[in-house]
Amino acid sequence: MLDLDFIRSNPDKVKKAVQNKGEKANLDEVLKLDTARREVITQLDNLRARRNKASDEVAQLKKSGQDAKAIITEMKTVSADIKRLEDEIKSVEDKLQQLLRWIPNIPADDVPIGIDAKSNLEVKHWGKRAEFSFAAKPHWEIGSNLGILDSETATRIAGSGFILLKGKGARLERALINFMIDLHTQEHNYCEIAPPFMANRQSMFATGQLPNLEQDMYATKEEDMFLIPTAEVPLTNIWRDTPIPEDDLPVYYTAYTPCFRRESGSYGKDTRGIVRVHQFDKVEMVKFVQPKTSFDELEKLLSDAESVLQALGLEYRVVKLSTGDMSFASAKTYDIEAWAPGLGRYLEVSSCSNFTDFQARRGNIKFRDKNGKLKFVHTLNGSGLALPRTLICLLETYQQPDGAVEIPKVLQPYMDGVTAIKHS
RNA sequence: GGAGAGGUGGCUGAGUGGUUGAAAGCGGCGGUCUUGAAAACCGCAGUCCUGCUUAGCGGGACCGGGGGUUCGAAUCCCUCCCUCUCCGCCA
């Protein structure tokens, strides 16, 4: 959500942002409603002031035993007018809020302008391309050959687009989660959280999943709750409607959660393997920071996510997303894409964004500054990392001619010292 | 799922339908006193919206959310949400 004040005084910037992000938002109507709103408020407040005054007079008259009929009769019509204006203001504000929800965050100045991923900008490359003396296999072949990945069974249990890991495969998943969480808590100062995996409508609105992505989420029928599509939702909502003590800033949280996504409309994309699934594990990082520092914090967040790939020895590149490719709520986003040799392409394993005060405004997340004033924080989040795709890159990068997969050194302590997953 | 109790300021906790933005206590901030601190005493303190002659001054709203009754609602009525206690069920 943007500040109405900002929209009013910078309509051109907002218009440009809407356009560059490929969103549809009725800005002219917003400005019109904003004016109407303030006009009605002025009238309404004047009438209310009159009523308050009269109310005191009635009280005084009654106290001294005098007749107040005249005022009461007069106030009947005033009250009727107030009620009419209250209905009007409610309808105007409802419409305004409705439209405001669809206005995206303003992209930062250094974000490349473009309608889609074609305008993204590669800003960094790390690691050497893995070379193979044989034809590198895709992960689903490696996984099923080793008996650690069983998609058919997952399909029987839940349907297509679900993963079942087995034996060392399941263990590897758990090892990755533990390794990542330990790295972020021990090296990068994040506080570990184990949050709810479901969230209510208000939480989903605060982080920006609603209203845009309602169809992409799994919802419960009876309770109007949603399965979280990312830990960003519960983590960011920890401070919703709750001022953060300034001394606590910056606040860093990390959490492992499963993520649930319907992926409706993505049929035909990534149907093989586990690149795109309905449920996947992810370690997420979320930050609440002082507004001035948020873009620096984004760079740090990015490097925290990168350090996972570096430790695992996986080749990757960092891409700065263009206006059209980044999310509705983001001001600036970096994607990290790791190389999957078997697939022969990069996979997005992390997305690190600065939401500036966009989510904070929606979720009323504030801190008290030195002068005692409440101000919106800036929020950021980044995957650190998404598991199935990291697992894909790992299996495909460390596959051996005999079908075994070597385990990177940093993970071995998390695997009881296992150095490779071999055919059993 | 059944029965009951309750949601008031940063916290605890009062509040006969009419100067109640709201007593009191704690905590907080500023001061007096003190070499310093504590204690004591005095004073200040909420959020949001809006207007203007915008370091300020007005006005309005806010006592879980929404609706209703009334000239007037923290107070009465309806409804939803949440918390707590007991029973049942259950990892």
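Across segment A:359-373, rounded Karplus estimates of 3J(HN,Hα) from the backbone phi angles (6.51 cos²θ - 1.76 cosθ + 1.60, θ = phi - 60°) give 6, 4, 5, 5, x, 6, 10, 10, 9, 9, 7, 4, 8, x, 8 Hz, Gly and Pro being marked x.
Rounded to the nearest 10 degrees, the inclination of helix A:294-312 to the longest alpha-carbon principal axis of chain A is 20 degrees.
The Rg/Rh ratio for segment A:101-178 is 1.16, where Rg is the radius of gyration of the alpha carbons and Rh is the Kirkwood radius. Each peptide in A:93-101, A:144-152, A:300-308, A:330-338 receives the mean, over its residues, of other Cβ atoms within 10 Å, and ordering these scores from highest gives A:330-338, A:300-308, A:144-152, A:93-101. Modelled spin labels at A:PHE197 and A:GLN279, positioned 7 Å past Cα toward Cβ, are 0.6 nm from each other. With all protein chains in place and ligands, DNA and RNA left out, the 1.4 Å accessible area ranks A:ARG156, A:ARG171 as A:ARG156, A:ARG171, largest first.
Leaving out ligands, DNA and RNA, what percent of the accessible area of chain A is carbon and sulfur, probe 1.4 Å? Summing carbon and sulfur atoms, their accessible area is 49 percent of the total for chain A. Calculate, for A:ALA117 and A:ASN371, the FRET efficiency according to 1/(1 + (r/R0)^6) with r their C-beta to C-beta distance and R0 45 Å; round to the nearest 0.05. Here the calculated transfer efficiency is 0.55.
Within the full protein context, the accessible area of A:LYS320 is estimated at about 20 Å² for a probe radius of 1.4 Å. Of the cross-linked pairs A:LYS221/A:LYS282; A:LYS168/A:LYS422; A:LYS282/A:LYS422; A:LYS292/A:LYS332; A:LYS15/A:LYS287; A:LYS300/A:LYS373, those separated by over 20 Å at the C-alpha level are A:LYS221/A:LYS282; A:LYS282/A:LYS422; A:LYS15/A:LYS287; A:LYS300/A:LYS373. Residue-normalised convex hull volume from the C-alpha trace of segment A:207-249: 88 Å³ per residue. Rolling a 1.4 Å probe over the protein heavy atoms gives segment A:185-292 an accessible area of 48 Å² per residue. Each of the peptides A:385-398, A:241-254, A:116-129 was scored by the mean count of other Cβ atoms within 10 Å over its residues; in descending order, highest first, they stand as A:385-398, A:241-254, A:116-129.
Once the Cβ-Cβ distance of A:ASP110 and A:ASN189 is raised to the sixth power relative to R0 = 22 Å, the FRET efficiency obtained is 0.25.
Answer rounded, prolate or oblate for chain A, using the Cα gyration tensor with square roots of eigenvalues a ≥ b ≥ c: rounded when a/c is under 1.5, else prolate when a/b is larger than b/c, else oblate. It is prolate, given that a/c is not under 1.5 and a/b is the larger ratio. If I fit a long axis through the Cα atoms of helix A:387-397 and take the longest principal axis of the Cα atoms of chain A, what angle between them do I get, 0 to 90°, rounded to 10? Tilt relative to chain A: about 20 degrees. Values of log10 I(q)/I(0) for segment A:4-100 across q = 0.20, 0.24 Å⁻¹ run -0.94, -1.14, by the Debye formula with one identical scatterer at each alpha carbon and no solvent.
Rounded to two decimals, the Cα-based Rg/Rh of segment A:130-253, with Kirkwood Rh, is 1.07. The lysines whose alpha-carbon is closer than 18 Å to the alpha-carbon of A:LYS269, local same-chain residues fewer than 8 away aside, are A:LYS118. Once the chain from A:ASP296 to A:ASP5 is taken as fully extended at 0.36 nm per residue, the excess over their C-alpha distance is 102.1 nm.
Our summary gives chain A a relative contact order of 20 percent, counting only alpha carbon pairs under 8 angstrom and 6 or more residues apart.
The values are calculated or read from the model by the stated rules, or taken from the named source; none is laboratory data. Treat the numbers as computed from the prediction; the structure is a model and nothing was measured. Cβ coordinates were reconstructed from backbone atoms using ideal geometry, including for glycine residues, and neighbour counts include every protein chain displayed. Protein only, heavy atoms only, side chains kept; ligands, DNA and RNA dropped before computing areas. Shrake-Rupley method; radii C 1.70, N 1.55, O 1.52, S 1.80 Å.
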